[in-house]
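Below: the structure, in structure tokens.
Rule-based calculations on the coordinates, nothing more; no lab input. Quantities reported herein were computed from a predicted structural model and do not represent experimental measurements. Cβ placement follows ideal geometry from the backbone for every residue including glycine, while neighbour counts extend to all protein chains displayed.
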Amino acid sequence: MISNIDNQGLLVAVDGPSGAGKSTACRAVARALDAKYLDTGAMYRVATLHVLNQGIDPADTQAVIAATAQLPLTVNDDPDSREVLLGGVDVSADIRTPEVTTAVSAVSAIPAVRENLVAAQRDLAARAGRCVLDGRDIGTNVFPDAPAKIFLTASAQVRARRRHNELEQAGHAITFEEVLADVERRDHLDSTRATNPLAPADDAYLLDSSDMSLDEVIATMLAIIEDSCEEYADNGADDDYEELSDTEYTILDESDFDESEFGDADFGEDFTEEQWQEMEKAFGINPDGHVQENLCTVAIVGRPNVGKSSLVNRFLGRREAVVEDFPGVTRDRISYIADWGGRRFWVQDTGGWDPDAKGIHGAIARQAETAMATADVIVFVVDTKVGITETDEVMARKLQRSDVPVILVANKFDSDSQYGDMAEFYALGLGDPYPVSAQHGRGGADVLDQILKEFPDSPRHPSIVDGPRRVALVGKPNVGKSSLLNKISGEERSVVDNVAGTTVDPVDSLVQLDQQLWKFIDTAGLRRKVKNAQGHEYYASLRTKSAIDAAEVCVFMLDASEPVSEQDQKVLNMIVESGRALVIAFNKWDLMDEDRRELLDREIDLQLAHIPWARRINISAKTGRALQRLEPAMIEALESWDQRVTTGQLNNWLRQTIAQNPPPMRGGRLPRVLFATQASTRPPVIVLFTTGFLEAGYRRYLERRFRETFGFEGSPVRIAVRVREKRKRK
């Protein structure tokens with residue numbers, strides 16, 4: 001459970017104008033973070049309703065102050081509840097009427113009213129411990145020191161449209177023009193009031209939701225909050241956080257652990273590999289190797305924009321597949337590992353299927369058909385709100401002839417009032433439709449249970465075949481990532497412009513180089529500070545991080561004609577922390593002169609000294625200079641990333657290395673390294689079992705000697721320490 005304040009607490013302050021979607025998004029965020037939710041705007045609306053019920057003119061300041069001094073208000077801070085009590089009566093619907101909306105700005109502008117309610121808000125949040133609050137002045141006045149501050153906004157037109165739809169659904173007869181005029185009037189009043197006018201805090205994240213779906217807004221907010229939690233953790237963490245290693249202690253009974261045999265200088269020298277494997281078992285190590293699991297596959301298919309990717313994310317329990325409000329976002333069939341009920345399986349997300357599609361859309365449809373042909377279970381997704389379309393009928397007839405179990409999912413089922421719409425889906429001839437809302441998480445568990453029931457005992461195919469090695473082109477804006485991708489692919493896959501920030505979505509290209517086929521991802525440039533990115537730019541930075549995590553090797557691009565900046569360092573640290581293989585490409589070498597080359601050499605010695613293991617190449621994406629060196633460097637880095645040192649080799653090396661330079665003593669005692677094994681690859685992780693803590697400097701020494709012996713050029717190597725201390729028997 002993440003936290004950004006003491007005692008596992010959480011404090012999130014969200015401000016913004018009316019109609020920006022704060023309430024809906026904040027409730028979802030609070031649910032996701034196991035936090036309470038406080039709608040401070042509802043508190044001002046209750047005060048306004050109380051004033052109106054007593055027949056008081058909102059412009060009569062003294063009367064309003066007197067009426068609200070002892071406000072009989074109770075707010076339910078459960079994010080799933082909209083209950084608000086005034087004098088013990090639920091007024092959650094009454095406070096949303098046009099009459100209250102018209103008067104609330106005048107009431108909330110009175111300083112004494114705000115002072116009373118702000119005190120109540122602070123008290124409620126303190127008692128909650130973990131709380132998400134939204135309003136107009138949370139980050140500037142109520143909690144100016146909140147670790148996570150978000151200013152959520154949207155254009156007046158968009159906010160008015162949302163508000164108009166809400167009022168229409170509630171049965172209020174009002175025109176869009178009237179709602180728009182009221183939104184603009186409230187914006188003016190809120191931003192010009194004398195006390196705490198509406199404005200973003202200086203350190204707030206500006207998030208414009210005008211062109212974003214609700215899922216995107218929620219995902220962005222969660223990422224912002226997670227960032228605040230990481231900053232909080234870093235501020236209180238040990239200085240050793242960059243070591244890419246960790247230390248764990250295991251206390252063993254003295255009778256269960258005898259280290260004496262490890263003191264022999266020739267211990268293990270003649271061990272066979274089988275004996276080393278037995279030793280690994282004794283220490284609880286299970287190296288991952290490259291063994292493929294025999295996993296079943298479920299393919300998620302359907303026509304475009306029915307919510308397939310949203311359903312995939314719901315099945316995974318995390319945001320992996322990209323979700324947009326327009327069709328055609330998912331083009332390839334992309335596979336993810338899911339886990340439900342203790343069983344792991346593949347989930348394949350496919351592009352929208354259309355029998356008449358041509359060109360790229362035809363290729364998308366063929367990918368979906370391939371997924372259906374290789375899956376063990378097919379989930380066919382339709383849209384409850386739209387009903388059956390001609391494409392749905394064609395696809396259903398195709399699936400009726402399939403020998404693979406088919407589960408029919410009616411997505412976008414957001415209300416019980418839609419049960420009547422479910423009947424028509426029986427006409428597809430695929431059995432009972434499952435009502436599901438992927439956006440809100442409704443019904444997904446039932447579908448997952450049925451998927452597990454339909455899976456065969458063994459999959460039709462042992463595993464999904466790995467595709468081309470994945471490469472992420474990463475760097476700050478305008479460093480030349482798109483130019484490089486276009487140059488090596490021989491086509492205009494990415495928009496190239498001199499304006500930084502042209503690319504906002506990762507663009508995938510399958511590129512055949514001299515030796516093999518590669519999948520290149522051109523990522524959006526990472527902004528100097530995430531706080532400086534707004535709307536789609538911030539979302540693009542999130543997708544860049546996802547692209548790094550999805551890649552196997554990162555090509556980190558630097559502008560050789562400019563000094564290595566703090567921003568470059570932050571991007572590089574993100575790659576190193578991800579554990580991916582790494583190649584550093586100094587681009588724009590055609591702009592270099594002798595003076596700049598000398599300066600660059602000094603910058604490398606000073607600022608890149610901590611990653612001497614990364615291969616560096618000097619290129620020009622514009623002229624094509626030295627691009628032929630890129631593929632060998634990537635292959636070398638990936639071979640290192642995949643490399644495994646046998647346990648026997650590792651321990652023989654370790655014994656000789658420690659004999660030459662033993663670890664420093666701690667507390668008058670010399671730590672003994674008992675045993676070592678490479679616990680995993682991708683990235684390589686070396687686990688040392690010791691009788692005491694090993695200093696960070698000594699771990700760095702071991703890494704240097706390890707690389708001198710075994711190579712691992714282009715790959716990070718993580719050294720973890722497991723301390724086994726024995727406890728004397730009483």
Revision key, fill the gap. Once Arg596 and Thr61 are pulled to full extension, the length gained, defined as 0.36 nm per residue separation minus their Cα-Cα distance, is 185.8 nm
Check your understanding: Taking the Cα centre of the stretch 647-723 as the origin, how large is its charge dipole in debye, to the nearest 20, when only Lys and Arg (+1) and Asp and Glu (-1) carry charge on their Cβ atoms?
Key -> 200
Exercise for review: Can you tell me what the convex hull of the Cα atoms of the stretch 647-723 projects to on average, as an area in nm²?
Suggested key: 4.8
Review point. For the stretch 4-84, what is the convex hull volume of the alpha-carbon atoms per residue, in Å³?
Key: 129
Practice item. Please list 415-424, 55-64, 340-349, 107-116 highest first by mean number of surrounding beta-carbon atoms within 10 Å per residue. Key: 107-116, 340-349, 55-64, 415-424
Study note, to complete from the structure: Mean shadow area (nm²) of the C-alpha convex hull around the stretch 545-628 is 5.7
Review point. Rounded if a/c is under 1.5, else prolate if a/b beats b/c, else oblate: with a ≥ b ≥ c from the C-alpha gyration tensor eigenvalues square-rooted, which is the stretch 115-235?
Key: prolate
Point to revise | Out-of-range pairs (alpha-carbon distance over 21 Å; input Lys398/Lys453; Lys481/Lys622; Lys481/Lys570; Lys398/Lys519) | key: Lys398/Lys453; Lys398/Lys519
Exercise for review: Name the residues whose placed amide hydrogens come within less than 5 Å of the amide hydrogen of Arg615, ignoring near sequence neighbours (fewer than 5 apart) on the same chain.
Suggested key: Ile584, Gly714
Point to revise | Distant-in-sequence amide H partners of Ile407 (H built 1.01 Å from N, under 5 Å) | key: Ile378, Val379, Phe380
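If packing is taken as the average count of other Cβ atoms within 10 Å, what order do 179-189, 395-405 fall into, highest mean first?
The densest-packed peptide leads the list: 179-189, 395-405.
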Point to revise | Burial ranking of peptide ranges 379-387, 438-446, 589-597 (average Cβ count within 10 Å, highest at the top) | key: 379-387, 438-446, 589-597
